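The values are calculated or read from the model by the stated rules, or taken from the named source; none is laboratory data. What you see is a predicted model, and the numbers here were worked out from it, not measured in a lab. Cβ placement follows ideal geometry from the backbone for every residue including glycine, while neighbour counts extend to all protein chains displayed. Heavy atoms of the whole protein, side chains included, go into the accessibility calculation; ligands, DNA and RNA do not. Shrake-Rupley method; radii C 1.70, N 1.55, O 1.52, S 1.80 Å.
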Amino acid sequence: MVFVNMKTITCAEFNVLKDGSGEYIILDVRNPGEFKRGHMEDAVLIPLHVLPLRYVEKFPDKEQHIVCCCATGGRASLATTFLISQGYTNVSVLEGGYKGYCEQQI
């Protein structure tokens, strides 16, 4: 898979986004066990291997802001690349993933 030019969002920028009036969806592409051990508030879990089967039903608006998250950023980058290839225009990767987000909250 070739990575496209994707947007990233830092944990600090995400905190501003979630505390503001911006609308977004946080898409967690980790596996269910990882998600159970901890996840971001209001995150939608769709494991990466299931995303190609579920993205249309979960995200019908291709212009909505979707922030992809995984443990550290690798799977989220793949999810972002996939969504962009499907015509989504406002998708970004959370830099550092869930681990980086948790470290910023300390």
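Points worth noting:
- For segment 1-73, the solvent-accessible area of protein heavy atoms averages 61 Å² per residue (probe radius 1.4 Å; ligands and nucleic acids excluded).
- (i) -0.51, -0.83, -1.03; (ii) -0.36, -0.76, -1.24; (iii) -0.34, -0.71, -1.12, with the label sought being that of the calculated log10 I(q)/I(0) by the Debye sum over Cα atoms at q = 0.12, 0.17, 0.21 Å⁻¹: (iii)
- Other residues within the sphere of radius under 12 Å centred on the Cβ of HIS49, judged by their own Cβ, net out at +3 (K and R +1, D and E -1).
- The chain: relative contact order as a whole-number percent, Cα under 8 Å and 6+ apart: 35 percent
- Separation between Cα centres of segment 8-38 and segment 58-78, rounded to whole Å: 9 Å
- Solvent-accessible surface (1.4 angstrom probe) belonging to GLU63, in square angstrom, nearest 10: 140 Å²
- Per-residue [θ]222 nm for the chain (sum of -39500 (n - 2.57) over DSSP H runs n ≥ 4, rounded to 500): -11500 deg cm²/dmol
- With all protein chains modelled, accessible area of THR89 [1.4 Å, Å²]: 90 Å²
- Straight-line reach from LYS36: taking Cα to Cα under 21 Å and skipping same-chain neighbours fewer than 8 places apart, the lysines in range are LYS58, LYS99.
- Look at the alpha carbon pairs under 8 Å that are at least 6 residues apart: their mean separation over the length of segment 19-73 gives a relative contact order of 49 percent.
- Counting protein heavy atoms only, segment 12-95 has 51 percent of its accessible area on carbon and sulfur, 1.4 angstrom probe.
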